[in-house]
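Working notes for the structure below.
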Amino acid sequence: MTDRTDLPAPQFSTLAVHAGAAPDASTGARVTPIYQTTSYVFNDADHAASLFGLEAFGNIYTRIMNPTQAALEERVAALEGGTAALAVASGHAAQFLVFHTLLEPGDEFIAARQLYGGSVNQFNHSFKKFNWNVVWADATDPGAIAAAVTEKTKAIFVESIANPGGLVIDLPAISAVAKKAGIPLIVDNTLATPYLCQPKLHGADIVVHSMTKFLGGHGNSIGGIIVDCGTFDWSTSQHRYKTLVDPNESYGGMVLAETFGNFAFAIACRVMGLRDIGPAIAPMNAFLILTGIETLPLRMAKHSENAVAVARWLEACAEVAWVNFAGLPSSPNHALAQKLCPRGAGAVFTFGLKGGYDAGVKLVSGLKLFSHLANIGDVRSLVIHPASTTHRQLTDEQRISAGAGPDVVRLSIGIEDVADLTADLEQALAALS
Ligand SMILES: *Cc1c(COP(=O)(O)O)cnc(C)c1O
């Protein structure tokens with residue numbers, strides 16, 4: 001976008017189409033090209049030295065940055081209201097780099113019990129190898145989160161809308177706990193997207209996404225992103241976030257928090273975590289996700305509207321014991337959803353079958369239009385029975401607290417015609433009895 005000071009600041013749908021993507025300076029190409037290159041020629045030896053010393057911004061090597069990736073980062077940072085962003089290979093890579101930047105061995109962080117099953121595994125198992133210790137707390141009870149804070153706690157991690165339960169989390173209340181403890185609040189905004197909820201407005205300091213889901217939106221690319229909200233002051237924090245505040249030996253003693261101020265966290269994730277761990281996003285995937293985001297506002301409006309219609313229809317079905325969706329007026333979570341996600345509560349929700357585990361397994365095989373697979377946030381409608389798939393590795397207690405008990409079916413409602421979706425559900429439910 002050309003900066004026009006005589007025009008009002010662009011709004012959300014305009015940013016979704018234009019942010020980060022000016023016509024290509026050398027070719028005039030209107031759509032951001034797929035810069036399918038590993039490396040970039042330096043102007044001269046001094047230029048090369050200044051890039052490596054972080055004295056100038058520029059491309060060196062696609063493990064660390066790439067122009068297609070940069071356009072995507074600028075767009076998502078603009079949509080989230082952040083100062084900078086870092087796109088990486090997957091949502092899990094984004095989470096890994098966030099904690100790699102924040103934690104030292106022996107540190108603790110608090111995570112919501114209501115989380116995506118893959119995140120539960122990542123925190124419980126792989127993080128243990130680094131001696132990063134997760135403490136689980138009920139995110140529907142900010143008091144329980146406050147009670148879990150110790151002097152070793154370095155961050156709080158929650159989802160804005162929790163997967164798979166479709167539960168809207170009280171971000172302002174949890175942000176107050178984080179602020180009191182002097183630690184950053186990290187929000188996984190995958191299910192809401194910035195169209196439905198902008199966590200920064202509710203006190204988040206760092207936002208992460210699995211762009212694999214609604215941001216990309218078409219089920220064709222894995223990707224993740226870290227957004228630095230620019231709100232946390234690393235330099236004056238009572239806790240020592242060493243990657244940010246200690247002199248960095250690999251950059252001539254530079255202190256990242258001092259040099260980069262309110263976007264130091266995004267820089268640190270890039271120049272330390274991404275540089276050394278290496279989960280770079282492929283330029284092709286960055287391109288597909290960038291294109292997907294252009295229709296994000298239209299898709300999210302349709303996804304949310306369809307989800308409410310399908311959920312209402314399910315509520316009236318004899319085979320269905322309950323429907324858990326913050327988008328329904330019957331939900332105890334509805335008022336909070338209207339406050340934090342006024343445009344809709346997303347399109348991922350769960351319902352329970354009176355026939356329990358066996359009915360769940362049978363239903364997923366009986367559906368024809370819904371695809372039975374382990375993903376969400378696709379234009380196509382998707383279904384899964386978490387207890388026999390995504391949440392299989394968890395204990396019964398973990399499954400139930402994550403909203404994935406034996407009778408639970410999870411839907412991710414697409415942008416098809418509602419009548420076709422309910423017709424498919426009707427024939428599959430009828431086959432249960
Ligand atoms: C899918 C998902 C992730 C993990 O993202 P990947 O891109 O699959 O690595 C993290 N959080 C939530 C809420 C997700 O739905």
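The values are calculated or read from the model by the stated rules, or taken from the named source; none is laboratory data. Quantities reported herein were computed from a predicted structural model and do not represent experimental measurements. Note: ideal-geometry Cβ built from the backbone for every residue, glycine included; neighbour counts use all protein chains shown. All accessible areas refer to the heavy atoms of the entire protein, side chains included, with ligands and DNA or RNA removed. Shrake-Rupley method; radii C 1.70, N 1.55, O 1.52, S 1.80 Å.
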Q: Hey, can you tell me all the residues within the range 65-106 that are under 15 Å from the mean Cα position of the chain (by Cα), acidic (Asp, Glu) and open to solvent by 10 Å² or more (accessible area, probe 1.4 Å)?
A: Glu73
Q) Taking the range 223-246 as the search range and keeping residues that are under 26 Å from Leu79 (Cβ atoms) and charged (D, E, K, R), which one is most open to solvent (accessible area, probe 1.4 Å)? A) Asp233
Q) Residues that are away from the ligand (no atom under 14 Å from the Cβ) and open to solvent by 30 Å² or more (accessible area, probe 1.4 Å): which helices (runs of 4 or more DSSP H) entirely in the range 113-191 hold 3 or more of them? A) 142-147, 171-181
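For (1) buried (at least 19 other Cβ atoms within 10 Å of the Cβ); (2) within 30 Å of Leu15 (Cα to Cα); (3) touching a helix residue (DSSP H, G or I) at 6+ places or on another chain (Cβ under 9 Å), each residue gets a yes or a no:
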residue	(1), (2), (3)
Glu294	no, yes, yes
Leu298	no, yes, yes
His303	yes, yes, no
Pro332	no, no, no
Lys354	no, no, no
Ser381	yes, yes, yes
Ser388	no, no, yes
Q) With respect to Val88, is the statement that it is in contact (Cβ under 8 Å) with a residue 24 or more places away in the chain, within 16 Å of the ligand (Cβ to nearest atom) and either basic (Lys, Arg) or under 12 Å from Met211 (Cβ atoms) (or both) true? A) yes
Q.
If I filter the range 374-394 down to residues being small (Gly, Ala, Ser) and part of a loop (DSSP other than H, G, I, E, B), which single residue comes out as nearest to the ligand (Cβ to nearest atom)?
A. Gly377
Q.
Being in contact with a helix residue (DSSP H, G or I) (Cβ under 9 Å, 6 or more places away or on another chain), within 16 Å of the ligand (Cβ to nearest atom) and open to solvent by less than 20 Å² (accessible area, probe 1.4 Å) is the requirement here; does Ile206 meet it?
A. yes
Q) From Gly405, Gly356, which residue is at positive phi, more than 16 Å from the ligand (Cβ to nearest atom) and either in contact (Cβ under 8 Å) with a residue 24 or more places away in the chain or not hydroxyl-bearing (Ser, Thr, Tyr) (or both)? A) Gly356
(Q) Cβ-Cβ distance below 6 Å, separation of 6 or more or different chains: which pairs start in the range 37-64 with a residue that is open to solvent by less than 50 Å² (accessible area, probe 1.4 Å) and end on one that is among the basic types (Lys, Arg)? (A) Ile64/Arg275
